[in-house]
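Structure first, then comments.
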Amino acid sequence: MRFKDLVEKLGQSVKSSSETPDVEITGVSAVLDSKPNTVTYSESLKFANQLRETQASAVILPENEELLTIAKARGLAWMIVANPRYTFAQAIALFYQPYKPSATIHPSAIIDPSAQIGENVAIGAHVVIEANAKIGDSVVIHPGVVLYPEVTIGDRSVLHATCVIHERARIGADCVIHAGSVIGSEGFGFVPTREGWLKMEQSGYTVLEDFVEVGCNSSIDRPSVGETRIGRNTKIDNCVQIGHGVKTGEACAFAAQVGIAGGSVLGNRVILAGQVGVGNESRMGDGSVASAKTGVHASVPAGKTVSGYPAVDHRVFLRSSAVYSKLSEMYQAIKQIQKKLGMDS
Amino acid sequence: MRFKDLVEKLGQSVKSSSETPDVEITGVSAVLDSKPNTVTYSESLKFANQLRETQASAVILPENEELLTIAKARGLAWMIVANPRYTFAQAIALFYQPYKPSATIHPSAIIDPSAQIGENVAIGAHVVIEANAKIGDSVVIHPGVVLYPEVTIGDRSVLHATCVIHERARIGADCVIHAGSVIGSEGFGFVPTREGWLKMEQSGYTVLEDFVEVGCNSSIDRPSVGETRIGRNTKIDNCVQIGHGVKTGEACAFAAQVGIAGGSVLGNRVILAGQVGVGNESRMGDGSVASAKTGVHASVPAGKTVSGYPAVDHRVFLRSSAVYSKLSEMYQAIKQIQKKLGMDS
Amino acid sequence: MRFKDLVEKLGQSVKSSSETPDVEITGVSAVLDSKPNTVTYSESLKFANQLRETQASAVILPENEELLTIAKARGLAWMIVANPRYTFAQAIALFYQPYKPSATIHPSAIIDPSAQIGENVAIGAHVVIEANAKIGDSVVIHPGVVLYPEVTIGDRSVLHATCVIHERARIGADCVIHAGSVIGSEGFGFVPTREGWLKMEQSGYTVLEDFVEVGCNSSIDRPSVGETRIGRNTKIDNCVQIGHGVKTGEACAFAAQVGIAGGSVLGNRVILAGQVGVGNESRMGDGSVASAKTGVHASVPAGKTVSGYPAVDHRVFLRSSAVYSKLSEMYQAIKQIQKKLGMDS
């Protein structure tokens, strides 16, 4: 594809280089780790040095004089867009054809006769589908997946290899469940007794609304009664644990190794960075954010960013952590002051 | 079932409403997210507002005048019991029949001829059982499970889909291993050398005593020599990592994403909240507790609750973390005092 | 085997007991949890008490008068070596024959005809190998493993049960992937838009160089473009998450539940202890170390040890955390000083 045609296909550029219309673009690449005849992108000045070294032939840029000057000096083909990352995502989609198995049912799959299978469904080798499952149209189920009884999978959803969907779980349309994840498993519900732990049966179920994505080796439990619910368009990374009865709003994003304990309720567009923990029965308002490793409990108001453990306002955390390394010195200073003032310490 | 009959079946109520003996109870529900003709429960005044809004027709209460007043005002059928959560667990068990596959061996399961299989065992599709396994009576093995050679599974234990039990592991009776978990895997044992890491073979094995439960996507390693041992009735949540040679006592509970490093020894009824880490060769006494995200190392005495990283007494942690957000202000105050006193800072 | 012969076979002892050449050694054991007629080891004086109680008949020791005195007093056979742990690893290898399935292809395995399979390969029951895979010589693939299309597995590598290798991933020679791990899965790449999250296709791939080991239930993502690369001889424990585009050097070691976010670059011999988090686009120099639960971001110089969150120099962390429990007391002291000095607080 010529650069000129790429610009046209992406259809989002405010401006683009006119000296290089015929540069052949055959793929995409990262700004470093790049090859000639590929297009890359640069989001901000932070990546200026990388732009100076890229081997790519074309670059997608934001409105930024300095980056543009570099691109020009390097003789790169360039296009300026409102959101370079967004445009780059679309450039990838132009060149990359994700692997999709053909819409056939492998003869080694074991499918209960009571299961309802939609049109145009791909079911891989050694898949197991138990009784009364309902599989929508154009669903893709990769090898080794296990569906317990009475599971529902919405249209066009993709279940990657070896993931497990437990009884009664309802996966919406256009969801992706990555390899090794477990949806709708039993919540961790035990009652302490003198003799040990009494198991509380987990009679509820888990619901994933449409466009939810769940990373590898994550688990989303079901509650003893009622439902666990993940809101539409929420994206969940790898090794995330979501406890029984959690409810999340729409378009949340949870990074890897996040844990959300039972009964917590999160609003829309809540963002949890890596390794965040959210305690039992917590509340997080719309648009709230917890930075990496934060321990949230009680409640976080809408729009607020919190950090640290226990979680405090992010700016306060930054101020406090900036002096954390001076704690010992502060302690000594107080002792000296007390001594000078003749105070007991 | 009529409310009167439910009260009788549960057999634990101190007192119950007499005006509503014939209310039909057809199931259980959470206090919110509830339906008419179900029974719910309320543990404490914390849930008073939820009780005011519940759609349930009956409620299990502790001895608490205020909750009782609400229940009466709402016209709910009520019963007062010593431990509402315990009684609710039994109410669930009355109405909910957990999924249990029939005691047959699926023809697609691959079972080594040397394996000994007990009576009344369910083995699901695509299960693999290697040489010399011993499977007790009434065991349930869900689809896609893999047992390496010389594994022992005690009577009535349940292995959920795709879990893996490594060579020589011994699972007791009445255990539950959830989907995706790996028991008896190789410990992380490498010796640093000039050329890199020399692998130490892991010749030991892992033992789970009776009534142990392990959540989804957890792993319990075996040691280079000797055994890793999880004590009777210990309950382990999802994404938990237990290192080589760890020993735990009875009736411990480990919440999600806990990690216990190699060689640690825990007493009975030790509780680790979510994302706790226990360092190499640590010791925790009977009944000790670590709150969420705590980093334990060295040793924790019996009965003690610790928090923070590094772990300190929980009350001390609460006091210190209460002033953490004032650190910057404290630092400035010390500077001002030093200035006023003409001290070097 | 007689003790004399064991010493000879190990070939590393500086000195050994001559009074006990004929003690029969039939195996290895931990210093406690030990049996007669086994050999154990003791690395340092820390284990002196355990040495006083061991049931083992022989012990591998470092050059240490006190340990030697104990061994002699106990009548143990002993050998002194430069690195007891290293020698013990070799002693295990003398007595322990790890389980290795025979080099056959199980008839239930589903292998695409386009896959190239080397010599002497073991492929277990219910394995699935998709199109264009290249499997080297002497590879072992345990039951239930799934290889997506165009995967490469180097000679002698071992893939444990139910692990999943995604499209285009390249596993080097002599690697071990433990049960439940997922290699080359889609990176967590989404672009925020007004309507929610736009998926960025992950067109890259993951490379594991030779002698890499990955624990159970870990995941190593692939990037949107380019590669994720794990350097030769790097060892990764259980439940570890490695994000898209991460590059590590050689001989790194990552303990359980470590998370490394997208785009981070680590040098050679970097060590991350349990539950460490490394933020997006971080840099860690050769030989740097992060202690347990550390939150790394920005950059860590070569050779440096960091701790805490946010990460600071390890010695500073020790000093600060030593006074953390006195924070409340410090705060009160400052208030009293201010009062005494008539300062506003």
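The values are calculated or read from the model by the stated rules, or taken from the named source; none is laboratory data. Nothing here was measured: the structure is a model prediction, and the numbers come from that model. Backbone-built Cβ (ideal geometry, glycine too); neighbour counts: all protein chains shown.
Among residues of the stretch A:123-150 that are on the phi > 0 side of the Ramachandran plot, those with a beta-carbon under 7 Å from a residue that is buried (at least 21 other Cβ atoms within 10 Å of the Cβ) and assigned to a strand (DSSP E or B) at least six positions away or on a different chain give the pairs A:H126/C:V128; A:G144/C:V128; A:G144/C:V146. Looking only at the stretch B:91-99, decide whether some residue is at pLDDT 95 or above, closer than 23 Å to A:V182 by Cβ, of a type outside the set (A, V, I, L, M, F, W, C) and in contact with a Cys (Cβ under 8 Å, 6 or more places away or on another chain). Within the stretch B:91-99, none of the residues are at pLDDT 95 or above, closer than 23 Å to A:V182 by Cβ, of a type outside the set (A, V, I, L, M, F, W, C) and in contact with a Cys (Cβ under 8 Å, 6 or more places away or on another chain). Of the residues that make up the stretch B:108-117, is at least one at the interface with chain A (Cβ under 10 Å from one of its Cβ atoms) and either of a type in the set (A, V, I, L, M, F, W, C) or outside any strand (DSSP E or B) (or both)? The answer is yes; a qualifying residue exists. When the stretch C:200-222 is filtered for residues that are over 19 Å from C:V151 (Cβ atoms) and more than 8 Å from chain A (Cβ to nearest Cβ), the ones remaining, listed by number, are C:G215, C:C216. Checking B:V270, B:V240, B:V276, B:V258 one by one, the residue that is touching a Cys at 6+ places or on another chain (Cβ under 6 Å) and either more than 10 Å from every other protein chain (Cβ to nearest Cβ) or under 21 Å from B:S307 (Cβ atoms) (or both) is B:V270 and no other.
Within the stretch B:310-323, which residues are closer than 22 Å to C:H314 by Cα and at the interface with chain C (Cβ under 7 Å from one of its Cβ atoms)? B:P310, B:V312, B:S320, listed by residue number. Every listed requirement among (1) touching a strand residue (DSSP E or B) at 6+ places or on another chain (Cβ under 9 Å); (2) free of Cβ contacts under 8 Å to residues at least 12 places away in the same chain is met by B:E329 save one, (1).
Please work out if B:C252 is in contact with a Leu (Cβ under 7 Å, 6 or more places away or on another chain) and either of a type in the set (S, T, N, Q) or in contact (Cβ under 8 Å) with a residue 12 or more places away in the chain (or both). Answer is yes for this residue. Name the one entry in B:A298, B:A302 that is under 17 Å from B:G245 (Cα atoms), away from chain A (no Cβ under 14 Å) and of a type outside the set (K, R). The conditions single out B:A298.
This table checks each residue for (1) in a loop (DSSP other than H, G, I, E, B); (2) surrounded by 15 or more Cβ atoms within 10 Å (Cβ to Cβ).
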residue: C:G303; (1), (2): yes, no
residue: C:R319; (1), (2): no, yes
residue: C:Y331; (1), (2): no, yes
residue: C:K335; (1), (2): no, no
residue: C:Q338; (1), (2): no, yes
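Candidates in the stretch A:144-199 are the residues that are more than 9 Å from chain B (Cβ to nearest Cβ) and among the basic types (K, R); of these, the one that is nearest to A:V128 (Cα to Cα) is A:R170. Once the stretch B:221-263 is narrowed to residues that are over 28 Å from A:V296 (Cα atoms) and among the hydroxyl-bearing types (S, T, Y), the residue that is nearest to the chain's Cα centre (by Cα) is B:T248.
Exactly one residue out of B:D237, B:D210 is buried (at least 24 other Cβ atoms within 10 Å of the Cβ), in the same structural domain as B:R170 (by TED's automatic domain parsing), without any contact (Cβ under 8 Å) to a residue 60 or more places away in the chain and acidic (D, E), and it is B:D237.
Conditions (1) small (G, A, S); (2) closer than 13 Å to C:Q90 by Cβ; (3) without any contact (Cβ under 8 Å) to a residue 12 or more places away in the chain, marked per residue:
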position: C:L6; (1), (2), (3): no, yes, no
position: C:K9; (1), (2), (3): no, yes, no
position: C:K15; (1), (2), (3): no, no, no
position: C:T26; (1), (2), (3): no, no, no
position: C:A30; (1), (2), (3): yes, no, yes
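Of the residues making up the stretch B:14-33, just one is among the charged types (D, E, K, R), under 35 Å from the mean Cα position of the chain (by Cα) and either under 15 Å from B:I80 (Cα atoms) or not assigned by TED's automatic domain parsing to the domain that holds B:A77 (or both), namely B:K15.
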